[in-house]
Amino acid sequence: MKEETTSAVESDQDKQTLPRGKWANKMEFLLSVAGEIIGLGNVWRFPYLCYKNGGGAFLIPYFVFLFFCGIPVFFLETALGQYTSEGGVTAWRKICPMFEGVGFASQVIVIYLNIYYIVILAWAIFYLINSFKSPLPWSTCGNWWNSDACHNRSGFLSNPELYHREANWSFLYNVSSADYLDMFNYSDPIIIKSPEEEFFRNRVLRVSEDMSMGAFNWDLSLCLLFAWVICYFCIWKGIKTTGKVVYFTATFPYLMLLILFLRGVTLPGAREGLMYYLYIDLSKLADPQVWNDAGTQVFFSYAVCQGVLTALGSYNKYNNNCYRDCFALCCLNSATSIFAGFAVFSVLGFMAQDLDIPIGEIMAAGPGLAFVAYPRALSLIPGSSFWAVLFFLMVLFLGLDSQFVCVESLATAITDLFPSRLRKPGAREILVLVIAVICFLFGLPFVTQGGVYLFTVVDYFGPSGTSLLVIACAETIVVAWIYGADRFLDNIEDMIGYRPFPMLKYLWLFVTPSICLLTVLCGLVQASPFKIEGYSLGFGYSLLAGLLMAAPLICIPAFIFFALYKDPKRMTRASQDLRQIRPHKPLLTLCGSVIFKAQEQTKESEEIRNEKLMEDSSKV
């Protein structure tokens, strides 16, 4: 009687547990991945790296890392998710319980991104609201946030002779030019603080000079809240809503980028800007930092080692051709980065000609490009408010789809860890709400008066290049050497109907982990501890930087010891319910020699495999 009651309860629980969802069609998957990998880094980081590292010459190390590291890891993670139908943690548990920590390490990176990346969207929303004003508030001096050092374009062009160190300002300030410069602590021979720079620093961020957190900026806090509300309602129902939202969020930025490109190349000075962008300086290739920048850009831009690709791939149908999809998405991502450089440098070239200054003096990376240099250029174009609205809409949507896909990845990983509890009606909405609320609360310090300092540290040391490269090295070693490269290629062949390019096996075995490890070692030798662009951090920020870098990496050895303690005999054995079309074939062979024999199949695993084969054949 007791057994009947227990079985009845289990049956009721199974009825309440919802099945794992799938994409409605291939386009939803492609647009979701495109929305994640094509983001703000394509617009503001890649063009700057080209300018900084030899122009067109930078494409050489970029494509070396792309073909030998980026694409192999990108395909590995996507195929792993599709094969296991599991999120970023449980997928690694299924193929090798010993390295479940690799999945947790990637989720720590995703948590960092979920907390601080959305702050950029809060800035973009703030700028978007102000873009409807005429004149644009960042184009003029005389506002309450401007200092005496602020001089706009008209003042500079009317009296350019007054803005050099040898100029005489005694008629206005009753001081010499040198004294005037010392008052504002300027080392630059031109004493200009642009209104765009002061708007971003003094109005938007309201930066504290002593690097203390200070008070909350209430308007930025509201913008951050609004960004989270948008994000929540984009994904609260899971891939049912995510797959529909990306039709707009992933395609609209391309329309905006195309419009800005067409307007930019028609401006005077655009040709000089494009020549500056494409200028080739091969001597830069001898600098190891150029290669390090290329590797970091590829890993950031392709969203590898974050568990996102595994989560998105897990919603594919088993026979989806993820091999073809991955190569198409990688080509699209790199083409977008190169195209964005044309749109950015054409406008900056116009700005340089209009102000009669070298383009190198206005070039900037990161937020400096999106929120200072580019708005300054837009303010010079007729109909500036219209172009500003288009630009910040593009920034908003570029960041938005990357953000909600990261939240989706975290929610998927947690749901797959506790499926019996979280795959129930209403559980998904509550889980995403909890993630959004917690991340919003942790994000509030970033919108204080000292929040930009915290943002810089987390951005630099959180999803750092070192952490991503170590995780990538671990992923390729686990799949190629422990699970078995030949077995994984058999799994892919079973999914897509043919065997992938044979070179992939050797890239996973030797090339990709070697390049990643070598890049990490070179970076550790050259890098100064806890410095950003040569500036040393204080004790508090140094401690935070160390914790940010250690948190994801410590997950890997921690779970190795946990698996050793829990079940040392099965710590490297793949899950028995994974479908294997050649279960008796060696896991790995090299030059005709067997490196690792086939994993022994139990009677239970044979029965499970036969059931899966019958189930798939019945569906066909």
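Laid out as a table, the results:
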item	result
Hits in segment 46-80 - residues which are in a helix (DSSP H, G or I), of a type outside the set (A, V, I, L, M) and over 19 Å from Ala472 (Cβ atoms)	Phe46, Pro47, Tyr48, Cys50, Tyr51, Lys52, Gly56, Phe58
Conditions (1) of a type outside the set (A, V, I, L, M); (2) under 25 Å from Pro500 (Cβ atoms); (3) in contact with a helix residue (DSSP H, G or I) (Cβ under 6 Å, 6 or more places away or on another chain): number failed by Gly273	(2)
Complete set of residues in segment 554-583 that are over 12 Å from Arg93 (Cβ atoms) and of a type in the set (Gly, Ala, Ser)	Ala558
Qualifying residue in segment 364-374 (condition: touching a Lys or Arg at 6+ places or on another chain (Cβ under 8 Å) and not polar (S, T, N, Q))	yes
Condition check for Ala294: at pLDDT below 90, surrounded by 22 or more Cβ atoms within 10 Å (Cβ to Cβ), over 30 Å from Thr415 (Cα atoms) and assigned by TED's automatic domain parsing to the domain that holds Tyr460	yes
Residues of segment 88-117 that turn out to be under 18 Å from the mean Cα position of the chain (by Cα) and farther than 18 Å from Ala550 by Cβ, as a count	3
Checklist (1) modelled with pLDDT of 90 or more; (2) within 37 Å of the chain's Cα centre (by Cα); (3) among the basic types (Lys, Arg) applied to Lys612, failing item	(1)
In segment 12-45, residue modelled with the lowest pLDDT [restricted to those that are assigned to a helix (DSSP H, G or I) and among the small types (Gly, Ala, Ser)]	Gly41
Qualifying positions in segment 49-66 - buried (at least 23 other Cβ atoms within 10 Å of the Cβ), modelled with pLDDT under 90 and of a type in the set (Ser, Thr, Tyr)	none
Residue in segment 421-432 that is of a type in the set (A, V, I, L, M, F, W, C) and within 22 Å of Tyr117 (Cβ to Cβ) present	yes
Which listed residue is closer than 25 Å to Ala91 by Cα, in contact with a Phe, Trp or Tyr (Cβ under 6 Å, 6 or more places away or on another chain) and crowded, with 23+ Cβ neighbours inside 10 Å, from Val432, Val407	Val432
Some residue of segment 319-340 being closer than 23 Å to Ser131 by Cα and out of contact with any Lys or Arg (no Cβ under 9 Å at 6 or more places or on another chain)	yes
Subset of segment 561-592 (residues that are buried (at least 16 other Cβ atoms within 10 Å of the Cβ) and aliphatic (A, V, I, L, M))	Ala563, Met571, Ala574, Leu578, Leu587, Leu588
Filter result (among the polar types (S, T, N, Q) and over 36 Å from the mean Cα position of the chain (by Cα)) within segment 559-601	Ser593, Gln599, Gln601
Near pairs, Cβ below 6 angstrom, 6+ apart or cross-chain, from segment 284-300 (over 23 Å from Ile37 (Cα atoms) and in contact (Cβ under 8 Å) with a residue 12 or more places away in the chain) to any residue that is surrounded by 21 or more Cβ atoms within 10 Å (Cβ to Cβ) and of a type in the set (Gly, Ala, Ser)	Lys284/Gly54
Selection count, segment 239-272, where residues are among the hydroxyl-bearing types (Ser, Thr, Tyr), part of a loop (DSSP other than H, G, I, E, B) and within 19 Å of the chain's Cα centre (by Cα)	1
Residues of segment 312-358 that turn out to be in a helix (DSSP H, G or I) and polar (S, T, N, Q), as a count	6
Test: residue in segment 334-349 that is more than 22 Å from Lys94 (Cβ to Cβ), more than 16 Å from the chain's Cα centre (by Cα) and without any contact (Cβ under 8 Å) to a residue 40 or more places away in the chain	yes
Any hit, segment 188-210, residues being at pLDDT 55 or above, closer than 28 Å to Leu431 by Cα and in a helix (DSSP H, G or I)	no
Scope segment 341-358; condition of a type outside the set (Ser, Thr, Tyr), over 19 Å from Phe199 (Cβ atoms) and either modelled with pLDDT of 85 or more or crowded, with 21+ Cβ neighbours inside 10 Å (or both); matching residues	Gly341, Phe342, Ala343, Val344, Phe345, Gly349, Phe350, Ala352, Gln353
Selected residue [in contact (Cβ under 8 Å) with a residue 60 or more places away in the chain and touching a Ser or Thr at 6+ places or on another chain (Cβ under 8 Å)] from Ile115, Ile95, Ile71	Ile95
Meets criteria (in contact (Cβ under 8 Å) with a residue 60 or more places away in the chain and not acidic (Asp, Glu)) for Ile381	yes
The one condition in (1) more than 22 Å from Ser409 (Cβ to Cβ); (2) buried (at least 24 other Cβ atoms within 10 Å of the Cβ); (3) aromatic (Phe, Trp, Tyr) that Tyr315 fails to fulfil	(1)
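Table: residues versus (1) modelled with pLDDT under 90; (2) not assigned by TED's automatic domain parsing to the domain that holds Pro19.
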position	(1), (2)
Trp228	no, no
Lys244	yes, yes
Thr249	yes, yes
Leu258	no, yes
Leu262	no, yes
Gly273	yes, no
Leu285	yes, no
Pro288	yes, no
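The values are calculated or read from the model by the stated rules, or taken from the named source; none is laboratory data. Not measured: the values here are computed from a predicted model. Note that we place each Cβ from the backbone using ideal geometry, even for glycine, and neighbour counts take in every protein chain shown.
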